[in-house]
Amino acid sequence: MAALPGTRPRAQRSDRTDPRTAVELAPPRLVRALIPACLLLVAAAALGVAVGSSHLSLLTLWHTVAGHIPLLPHRAVDPVDAAIFWQIRLPRVVLAAIVGAMLAGGGATYQGVFRNPLADPYLLGVAAGGGLGATIVIVSGGPAGLLPVAAFTGAVLAVALTYALGRTARWDTGGGTVGIGNTPIVLAGVAIAALFTAAQTYLQQQHVTTIQTVYGWILGQLTLASWSDVTVVLPYVIVAAVVLLACARRLDVLRVGEEEASTLGIDPARLRLLLIAAATLGTAAAVAVSGLIGFVGIIVPHTVRLTTSSSYRVLLPVSMIVGAAFLILADVAARTLQAPAEIPLGVVTATVGAPFFLFVLRSRRAREALS
Amino acid sequence: MIDIRKLTVRLGARPVVQDVTFSVAAQRWLALVGPNGAGKTTLVRALAGLVDFGGSVRIDDRESRAMSRRDLARSVAYVPQQPGFPADMTVGDYVLLGRTPHLRPLRSETASDRRVCADLLGRLGFAHLAGRRLATLSGGERQRLVLARALAQQAPVLLLDEPTSALDLGRRIDALELIDELRVERGLTVVTVVHDLTLAAQFADTLALLHHGRLVTQGAPADVLRDEVLSDTYDATVRVVDDHGQLVVTSRRWNCWATEDAQ
Ligand SMILES: Nc1ncnc2c1ncn2[C@@H]1O[C@H](COP(=O)(O)OP(=O)(O)O)[C@@H](O)[C@H]1O
Ligand SMILES: [Mg+2]
């Protein structure tokens, strides 16, 4: 057959797809992002244990720690300083780090699961449930030891209700897909949060004498942090962190959408349940010992996303470390700015965090990433 | 090889695909054609395991219903009509997602997974774009990139829902030519939804014409592309013209030929 008019030779068509072109694909740049994050955490922790109503010099800190490590040279330390360090400062810094890491990691996870930049770890009712549990104990004059248990129970209960109701709601995702779709769960979360918050507000209004205690809890604080708090939350947060980090790559797959993710071999509904369960246990435990500290779960992951990488394999671990550092620093501000009084931690995270976040948001890199 | 028997899909109460039976031999190309709403997308989604269906779908002699998601993803690569492109994901990371069904549980990509993807990026012309963010790609580049991701699955069956609808005249040919080259090169069985019947006739071995969820006819392009069949199915005045041995499908305004013939 004669060549058709206008027909180009085949070879010319394929020349831009040369099989010999070598491409290198590097693994995710986790280490490069982790190093500055870890340095920040160490610096924050050092500041956190040094600063307070009685100042401990870095040298004193060094000798205090070195005294517990065999073979390291050290001087004897004033036992009062040692007690301040071991029993007051350190547990508080460690607890701030654990709570901050959990809130930031939980926020990043929810933003991935719900593919919504506004998702925070309180999205499905942890805050409302925890708030109601804590308020019940406070207004009924229950023992202080019961407060974390009630807050934890309330938080887990609220999310369990949200999930059970949201999951059973039938929802047409447009493609006739079976059992996929986040919207009903998020909406159920809104409803459950409204319900629990209404109950909490009502109780609070009925008991005016305890209103300041309730508010103190709701705004978040680490005032009474002790090693026993640390041992209570740590197991939950470790389990949660392990699960979240193990799912990081699957969260990256989910970024192309639930349907495409499922044609790549992922089960989005099961992944969502696993991540909600893990994040809820960890966040509820954090809320139980620290109250409702807002904003960390939103600004930390977004700051990390805008400055390092949007891959969850980088974003999740780095957010946890930066979240830990951020909350340590916020707590330093909370207890020093108006010493001897303490500013509620949630107030600090917002007033320090919001301007900083706006600064990051307006950076050149962010404008490129968001364009 | 794909073997479909009495495939039926109900969405809501309505049957959207009814009693469709056909098969595609290994390394062949079948184009699904038919008017809007005929059920083409739904049929392809059933093959990809995204909707419940009645009847049977066998991929390389295995019942697809009995396969796990992961197994199915290693047998069938699916590209929807409008794939998700996370704006701030890089080209390299995007293609690596295609390796998901091959990863060991809880593991990241190995060096060999990265090599598979790197080779594909080179093959499809992304040699210098691996670090680019998806937001910065053109329509044609996106089209090739999503193909690269699908090929990274190394599945013997490739399902493409309207792969050329966002492309201009020349890029359409380029894209289909590329799919054909890859089909031959990698021994793929290809099923595409195509609206352009002239192009479908040039590239596909077989056409399957769907209408109201039913298979109207299937066979070689010359057997399916007939004036009366197409005019009825598409409810339009369609004429198939032979241009140097190539079938060209044309559509006209109503009565256009009637007046011509009367003269
Ligand atoms: N979730 C759904 N529920 C009910 N009908 C649906 C749903 N999704 C699609 N349909 C209908 O199924 C028919 C086939 O749709 P589709 O497979 O997308 O057609 P095509 O791809 O051939 O244009 C259409 O009439 C459409 O309205
Ligand atoms: Mg369609």
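Could you sort the peptides A:322-328, B:73-79, B:51-57 by per-residue average Cβ neighbour count (10 Å cutoff), highest mean leading?
In decreasing order of mean packing, A:322-328, B:73-79, B:51-57 become A:322-328, B:73-79, B:51-57.
So how strong a dipole does region A:254-371 carry about its Cα centre when Lys and Arg Cβ are +1 and Asp and Glu Cβ are -1, to the nearest 20 debye?
For region A:254-371, the charge dipole is close to 340 debye.
Just to confirm my numbers, what's the Cα centroid distance between region A:277-328 and region B:27-51 in Å?
43 Å
If N is the number of residues in region A:237-367, what value comes out of its Cα radius of gyration divided by 2.2 N^0.38 Å?
Taking N as the residue count of region A:237-367, the ratio is 1.20.
Among A:86, A:112, A:61, which residue has its Cα positioned farthest towards the positive end of the charge dipole of region A:44-175, with +1 placed on the Cβ of Lys and Arg, -1 on the Cβ of Asp and Glu, and the dipole taken about the Cα centre?
Most positive-ward Cα: A:112.
Based on Cα coordinates alone, diagonalise the gyration tensor for region A:85-161, multiply each eigenvalue by 5, take square roots, and list the semi-axes in whole Å, largest first.
Result for region A:85-161: semi-axes of 25, 21, 7 Å.
Between residue B:251 and residue B:87, what's the calculated FRET efficiency when r is the beta-carbon distance and R0 is 41 Å? Round to 0.05.
0.65
How high is the relative contact order of chain B, given as a whole-number percent (alpha carbon pairs under 8 Å, six or more residues apart)?
24 percent
How many nm separate the modelled label positions at residue A:336 and residue B:8, each set 7 Å beyond the Cα in the direction of the Cβ?
7.4 nm
Please average, across the residues of B:128-138, the number of beta carbons from any other chain that are within 10 Å of each residue's own beta carbon, and give a whole number.
Whole-number average of other-chain Cβ neighbours for B:128-138 is 2.
What is the magnitude of the charge dipole of region B:2-225 about its Cα centre, with +1 placed on the Cβ of each Lys and Arg, -1 on the Cβ of each Asp and Glu, and no other charges, expressed in debye to the nearest 20?
Roughly 700 debye, rounded to the nearest 20.
What translational diffusion coefficient, to the nearest whole µm²/s, does region B:2-225 have by Stokes-Einstein, given a Kirkwood radius computed over alpha-carbon pairs, a temperature of 4 °C and 1.567 mPa s viscosity?
The estimated diffusion coefficient comes to 72 µm²/s.
Starting from 0 in steps of 20 Å, tell me what percent of the Cα-Cα pairs of the protein assembly as shown lands in each bin.
So the P(r) values, bin by bin, are 17, 41, 27, 12, 3, 0.
Suppose only helical runs count, i.e. DSSP H with n ≥ 4. What mean residue ellipticity at 222 nm does that imply for chain A under -39500 (n - 2.57) per run, divided by all residues and rounded to the nearest 500 deg cm²/dmol?
Here the helix-only value at 222 nm equals -22000 deg cm²/dmol.
Please list B:242-248, B:153-159 highest first by mean number of surrounding beta-carbon atoms within 10 Å per residue.
B:153-159, B:242-248
In the Gaussian network model of chain A, springs joining C-alpha atoms below 10 Å, which of A:96, A:341, A:37 carries the largest mean-square fluctuation?
Fluctuation is largest for A:341.
Quick one: which of A:281-289, B:25-33 comes out on top by average Cβ neighbours within 10 Å, and what's the full order, highest first?
Taking the mean over residues of other Cβ atoms within 10 Å, the ranking is A:281-289, B:25-33.
Viscosity 1.567 mPa s, temperature 4 °C: what is the translational diffusion coefficient of chain A from Stokes-Einstein with a Kirkwood Rh over Cα pairs, rounded to a whole number of µm²/s?
Translational D for this selection: 57 µm²/s.
Would you work out which of A:37, A:256, A:337 lies farthest towards the positive end of the dipole of chain A, given +1 charges on the beta-carbon of Lys and Arg and -1 on that of Asp and Glu, about the Cα centre?
The listed residue farthest towards the positive side: A:256.
Mind giving me the nanometre distance, one decimal, between the label points for residue B:169 and residue B:232, set 7 Å out from Cα along Cα→Cβ?
Computed distance between label sites residue B:169 and residue B:232 equals 3.3 nm.
About the Cα centre, and with charges only on the beta carbon of Lys, Arg (+1) and Asp, Glu (-1), how big is the dipole of the protein assembly as shown? Nearest 20 debye, please.
1020 debye
With a 10 Å cut-off between alpha carbons and a GNM built on chain B, which of B:160, B:43, B:120 moves the most?
With Cα springs under 10 Å in chain B, the top fluctuation among B:160, B:43, B:120 is at B:120.
Which FRET efficiency, nearest 0.05, do residue A:226 and residue B:112 yield, Cβ-Cβ r, R0 51 Å?
In this case the efficiency is close to 0.50.
Enumerate the calculated ³J(HN,Hα) couplings along region B:3-12 in order (Karplus 6.51 cos²θ - 1.76 cosθ + 1.60, θ = phi - 60°), each rounded to whole Hz, writing x wherever the residue is Gly or Pro.
10, 10, 10, 6, 6, 10, 10, 10, 10, x
If you take every DSSP beta bridge fully contained in chain B, what fraction is antiparallel? Give it as a percent rounded to 5.
60 percent
What does the accessible area per residue of the protein assembly as shown come to in Å², with a 1.4 Å probe and no ligands, DNA or RNA counted?
Ligands and nucleic acids excluded, the figure is 46 Å² per residue.
Which Cα, out of A:350, B:187, A:142, lies furthest along the positive dipole direction of the protein assembly as shown (beta carbon charges, K/R +1, D/E -1)?
After comparing all options, I get A:142.
The values are calculated or read from the model by the stated rules, or taken from the named source; none is laboratory data. Worth saying up front: this structure is predicted, and the values here are computed from it rather than measured. Heads up, the Cβs are rebuilt from the backbone with ideal geometry, glycines too, and the neighbour counts pull from every protein chain shown. Accessible surface areas use protein heavy atoms only, side chains included; no ligands, DNA or RNA. Shrake-Rupley method; radii C 1.70, N 1.55, O 1.52, S 1.80 Å.
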